[in-house]
Amino acid sequence: MAKDVVDQLLSQGYVSRGYLGMVPTELDPLKREALGLDKKEQGIFVESVQKDTPADEGGLRASDVIVEVDGQPVSDVTDFRLRVARHKPGEKLTLTVLRKGKRVKLDFTLADRADYVTVASNGQPAVGGPEWMGIRVASLSSPQARRMEIEVDHGVLVTDVATDSPADGKLQPGDVIVRVDDGDITSISDWQEVTGRLGDTDKAVLIMFYRQGKGSSRFVAIKK
């Protein structure tokens, strides 16, 4: 890869590397438990997928677990990034992912990072709601939300996290929750339905959220 970098610098004055458009993170024990993965299973967790990028267009989804790049096992995030960085814009890349217990192969054509910019969206209203796992939420049209510069257009606003609750230290007021377990959260009705179904589960649960309603989505696993 070093020779390729030198060649690009000499020919065009900068280094151009393939861009996928996703955020990878390591698989921690709670995520493994929530996804039902064996401790020996190697791979990385897809934290988020940016809209209209090669990752999005190729079918990669948030919460997928990438286990292979071009048919070779992936051990961690650093390994994954190095493998992707070996490809130039326009080149093909194949990922093998674990999705709901099944292996799925996905093909991508990498882009150039310079062609992509982050676009923010405006908040749309939701409705207020109850507490679950120490998390209290309100609508995106509530007074609290209107005082914030929230960029996501759906979900529920975290207004309080109880001390010593399962969510303490993992979520904070101002976060916007958009998915709990396998249920999308677009309103308080969704929040009530999904959390009501889960109840006081003793299993680890994945929550997808935006920190302070901005940037890329994140995941956290909580357990009672």
Env charge @ Gly196, Cβ radius under 14 Å, K,R +1 / D,E -1, value -4
Compute the signed sum of charges (Lys and Arg +1, Asp and Glu -1) over the other residues within less than 10 Å, Cβ to Cβ, of Lys39. -1
Theoretical FRET efficiency, 1/(1+(r/R0)^6), r = Cβ-Cβ of Lys203 and Asp38, R0 25 Å, to 0.05: 0.95
Which lysines, on any chain, are close to Lys39 with Cα under 20 Å apart, when same-chain ones fewer than 8 places away are left out? Lys31, Lys100, Lys102, Lys203, Lys223
Express in nm, to one decimal, how much length is gained between Ser75 and Lys88 on full extension, taking 0.36 nm for each residue of separation and deducting their alpha carbon distance. 2.5 nm
Counting just the Cα atoms, what span does the range 131-222 cover along each of its three principal axes? Round to the nearest Å and put the largest first. 35, 25, 23
What is the range 17-115 by shape, rounded, prolate or oblate, if you read a ≥ b ≥ c off the alpha carbon gyration tensor as root eigenvalues and call it rounded for a/c under 1.5, prolate for a/b larger than b/c, and oblate otherwise? prolate
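Any read-out appearing in this document is the output of simple, stated calculations on the displayed coordinates, not a laboratory observation. These figures come from a predicted structure and were not determined experimentally. With ideal geometry, Cβ positions are generated from the backbone for all residues, glycine too; neighbour counts draw on all protein chains shown.
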